Amino acid sequence: MVDEGSQLTLMSQSFFDSSEFKNKQLVKPDYDVIKGVSITTLPIRGKISLPIEIDHRIFWNLVYIVRGFNQSVIIGIDSMERHNISLDNSKSS
């Protein structure tokens, strides 16, 4: 999922733990928690640079691993700007 409202690229801890990267060392995050548009706060377990495939292209992204997050992955504005990714809303999914 791409979320232009999300400042950071996020991955749920459960998705990370089921991935091939689960044994990689996480780095201490810059933040202890993230806050969504609601009053919900979720703890960040750590951060890691991971490859993410979009339209058959691989992009390396700094990803924050979040406990209790209900989405597998959200591509945030940080990654979109870094890799010059834009959304084409004219195409139907």
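The values are calculated or read from the model by the stated rules, or taken from the named source; none is laboratory data. Remember, predicted model here, so these are calculated numbers, not experimental data. No Cβ is skipped: glycine too gets one built from the backbone with ideal geometry, and neighbour counts run over all protein chains shown. SASA here: full protein model, heavy atoms, side chains in, ligands and nucleic acids out. Shrake-Rupley method; radii C 1.70, N 1.55, O 1.52, S 1.80 Å.
The portion of the accessible surface of the range 4-44 made up by carbon and sulfur, rounded to a whole percent, is 53 (1.4 Å probe; DNA, RNA and ligands excluded). Solvent-accessible area of SER18, all protein chains in place: 90 Å² (probe radius 1.4 Å, heavy atoms, ligands and nucleic acids excluded). Taking 0.36 nm per residue of separation and subtracting the Cα-Cα distance, full extension of the segment from THR41 to GLU53 would add 1.5 nm. Under 5 Å from the amide H of ARG45 lie the amide H atoms of ILE65, VAL66, ARG67, each residue being 5 or more positions distant or on a separate chain, with H modelled from the backbone and absent for Pro and chain starts. For the pair ARG82 and LEU62, the difference between a 0.36 nm per residue extended length and the Cα-Cα distance amounts to 6.2 nm.
Identify the chymotrypsin sites (Phe, Trp or Tyr not before Pro) of the range 1-62 meeting these criteria: DSSP loop state and at most 12 other C-beta atoms within 10 Å of the C-beta. Qualifying residues, ordered by number: TYR31. Over the range 31-79, the Kirkwood radius and the radius of gyration, each from Cα atoms, give a ratio Rg/Rh of 1.00. You can think of it this way: the chain between ASP30 and GLN7 has 7.0 nm of extra reach, that is 0.36 nm per residue less the Cα-Cα gap.
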